[in-house]
Amino acid sequence: MIDLHSHILPGCDDGAADAAASLAMARVAVADGTRILACTPHILPGLYHNDAAGIGRRVLALRNVLSDESIDLQLVIGADVHIAPDLLQKLADKVVPTLNGSRYFLLEPPHHVVPPNFVAFVERLIEADYIPVVTHPERLTWVTKNYDLIESVGRLGALMQITAGSLTGQFGTQAKALSDRMLEEGRIDLVASDAHNVSGRSPVLSTAYALVEEKAGAETARNLFVETPARILRNAQIRAVGMDAARGAKREAVSKSRAGKFWRMFQGR
Ligand SMILES: [Fe+2]
């Protein structure tokens, strides 16, 4: 499996405190069947001031630690990037890293407040050829009442990353209900651990993998835990974005309105 969201880098956010903690997380990930792990510390202005250069240095250092311990886990660079007004500029300046240098990056919306102009913000990123991977929408408290925003940014081409622990019920009933709904509707693009440690928030994916396989089939499980993350790391296209996505959405709207007209005729209205 490939895990594109983890706080394994030591001493730079609320994840691993030191190299020993990082090592313990790497051992759990490998034992669980993960072969590639993205190191994605928080970038949150005012709280976590990580940047591409610092994350790159920490990834190199942790690679050396893993190699000394003969732990077969490939690390790639990334970040868990909170929404900020200057984000596009920082991506362009390469201060904020994308996932493995691709056009994809983890975008973390605020947990308890609807981000203002969220759809327009995502649209600008996509117009500039960046593809946000929205982190854990199922855990954001505002999503249940604003599900249309998730549908809208998804139509624009943003990807949706669900947390493995939400599917298994670890984050409570709302996160479980939302992740189940998104799975049923085919709205999940990938599942990741968002691991912070080896106890409550560990880098275990296999339990959620088995659940997805049972509910949605083997092909979907492979897509969400292996194929789509691999395509992201190769910077390959996953689905239509920008104009292609807009044309697709327009076709969808036209066919819906035609269907509506048909039913109105059928019902004599
Ligand atoms: Fe995270």
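The values are calculated or read from the model by the stated rules, or taken from the named source; none is laboratory data. Model, not experiment: these values are computed from the prediction. Positions of Cβ are generated from backbone atoms using ideal geometry, with glycine treated the same way; all protein chains shown enter the neighbour counts. Quick note on the areas: whole protein, heavy atoms, side chains included, nothing else; ligands and nucleic acids left out. Shrake-Rupley method; radii C 1.70, N 1.55, O 1.52, S 1.80 Å.
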Reported set for the range 13-33 where residues are assigned to a loop (DSSP other than H, G, I, E, B) and either open to solvent by 20 Å² or more (accessible area, probe 1.4 Å) or away from the ligand (no atom under 16 Å from the Cβ) (or both) is Asp13, Asp14, Ala17, Asp18, Gly33
Single condition Asn197 does not satisfy, out of (1) open to solvent by 10 Å² or more (accessible area, probe 1.4 Å); (2) within 24 Å of Thr98 (Cβ to Cβ); (3) outside any helix (DSSP H, G or I):
(2)
Name the single residue that is nearest to Arg239 (Cα to Cα) among those in the range 136-181 being touching a residue at least 24 places away in the same chain (Cβ under 8 Å), outside any loop (DSSP other than H, G, I, E, B) and β-branched (Val, Ile, Thr).
Val153
Hey, any hits in the range 129-136 for a residue that's within 16 Å of the chain's Cα centre (by Cα), within 16 Å of the ligand (Cβ to nearest atom), surrounded by 20 or more Cβ atoms within 10 Å (Cβ to Cβ) and at positive phi?
yes
Please indicate, with yes or no, whether at least one residue in the range 173-180 is touching a helix residue (DSSP H, G or I) at 6+ places or on another chain (Cβ under 9 Å), of a type in the set (Val, Ile, Thr) and either in the same structural domain as Pro97 (by TED's automatic domain parsing) or surrounded by fewer than 21 Cβ atoms within 10 Å (Cβ to Cβ) (or both).
no
Of the conditions (1) out of contact with any strand residue (DSSP E or B) (no Cβ under 6 Å at 6 or more places or on another chain); (2) within 16 Å of the ligand (Cβ to nearest atom); (3) closer than 25 Å to Val119 by Cβ, Gly186 satisfies every one except a single condition; which number is it?
(2)
For the range 46-57, give me the residue count where each residue is in contact with a strand residue (DSSP E or B) (Cβ under 7 Å, 6 or more places away or on another chain), open to solvent by 10 Å² or more (accessible area, probe 1.4 Å) and within 16 Å of the ligand (Cβ to nearest atom).
2
What about Leu9, is it aliphatic (A, V, I, L, M), touching a residue at least 40 places away in the same chain (Cβ under 8 Å) and either open to solvent by 50 Å² or more (accessible area, probe 1.4 Å) or in the same structural domain as Ser206 (by TED's automatic domain parsing) (or both)?
yes
Within the range 76-113, tally of residues that are within 16 Å of the ligand (Cβ to nearest atom) and either outside the structural domain of Leu9 (by TED's automatic domain parsing) or more than 14 Å from Pro132 (Cα to Cα) (or both)
5
All but one of (1) within 16 Å of the ligand (Cβ to nearest atom); (2) open to solvent by less than 10 Å² (accessible area, probe 1.4 Å) hold for Leu125; state the number of the condition that does not hold.
(1)
Identify, please: which residue in the range 228-240 is touching a helix residue (DSSP H, G or I) at 6+ places or on another chain (Cβ under 9 Å) and among the charged types (D, E, K, R) and is, among those, modelled with the lowest pLDDT?
Arg239
Among the residues listed as Ala19, Ala38, Ala52, Ala31, the single one being in contact (Cβ under 8 Å) with a residue 40 or more places away in the chain and over 19 Å from the mean Cα position of the chain (by Cα):
Ala19
